[in-house]
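These notes concern the structure reproduced below.
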């Protein structure tokens, strides 16, 4: 995966939107606010492991001010935990999605929603 400057200023790709929906489904935030945040974001930078987004101030805010927004959204491939997803917020609105990995090899792409599990007792190495 490489940086893709052609995506700057555009909405998130559908695959990343689906991933964000999966991660946000692990929260207590209202579904309609989660969906509005995802749909309103515009890509500011797009890298293999980090996407900065701009969410308009007109978009309803999350209730939580936590940052990262949610931890313990672990990524599995072939039954093995290979990383985790972090969502970052600014002023209670989405500002970034990060993909961290726990192996020597970086991921080749963003994981699918079915590869992500919420495991609050798992500690990241």
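Bear in mind that the values in this text are calculations on the coordinates, not laboratory data. All values derive from a computational prediction rather than experimental measurement. Cβ sites come from the backbone with ideal geometry, for glycine too, and all protein chains shown count toward neighbours.
Some values worked out for this structure:
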quantity	calculated
Potential extension, residue 76-residue 31 segment - 0.36 nm per residue separation minus Cα distance	13.8 nm
With eigenvalues of the C-alpha gyration tensor scaled by 5 and rooted, the range 7-101, Å	20, 16, 11
GNM result for the chain, Cα springs below 10 Å: residue of 16, 102, 75 fluctuating most strongly	102
Alpha-carbon centroids, the range 59-123 and the range 1-30: separation in whole Å	11 Å
Peptide ranges 3-9, 39-45 listed from the most packed, as the mean C-beta count within 10 angstrom indicates	39-45, 3-9
Sum of -39500 (n - 2.57) over DSSP H runs of 4+, divided by residues of the chain (222 nm, nearest 500)	-5000 deg cm²/dmol
